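Since the structure comes first, as structure tokens, the remarks are kept for the end.
Derivation of every value follows stated rules applied to the coordinates shown; laboratory data play no part. For clarity, every value in this text was computed on a predicted model and none was experimentally measured. Backbone-built Cβ (ideal geometry, glycine too); neighbour counts: all protein chains shown.
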Amino acid sequence: MTDTPVRLTAYVHGRVQGVGFRWWTRSRALELGLVGYASNQVDGRVLVVAEGPRSAAESLLAALRSGETPGRVDQVVESFDDPRGDLTGFGER
């Protein structure tokens, strides 16, 4: 079943800091009904953590890879896990 709740953890590589990428990701996630956050990492990546229906998480992942993000995405490394249920809203960190 595609709407089983999941936790998506995605590391986004490229020019994704200082270009509105976290704001854009937050907007897409909220449109999809996901909770979580997008966080700048010290090495230049952005960490995206999102929980919700698997289909929505996969849609967010597709958006991250779409080529329509701010900046430039070179690579997205993702994993799907069981949701922890510890997130509310969708924030930028």
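Loop-resident GluC sites (Glu not before Pro) (DSSP state other than H, G, I, E or B) in the range 26-93 with no more than 14 further Cβ atoms inside 10 Å of their Cβ: GLU68. Where [x] 0.91; [y] 1.14; [z] 0.93 are the candidate values, the label of the one calculated here for Rg/Rh (Cα atoms, Kirkwood Rh) is [z]. Mean sequence separation of contacting Cα pairs (under 8 Å, at least six apart), scaled by the length of the range 6-90, corresponds to a relative contact order of 47 percent. Given their separation in residues at 0.36 nm each and the Cα-Cα distance between them, GLN17 and GLU78 gain 20.1 nm when the chain is fully extended.
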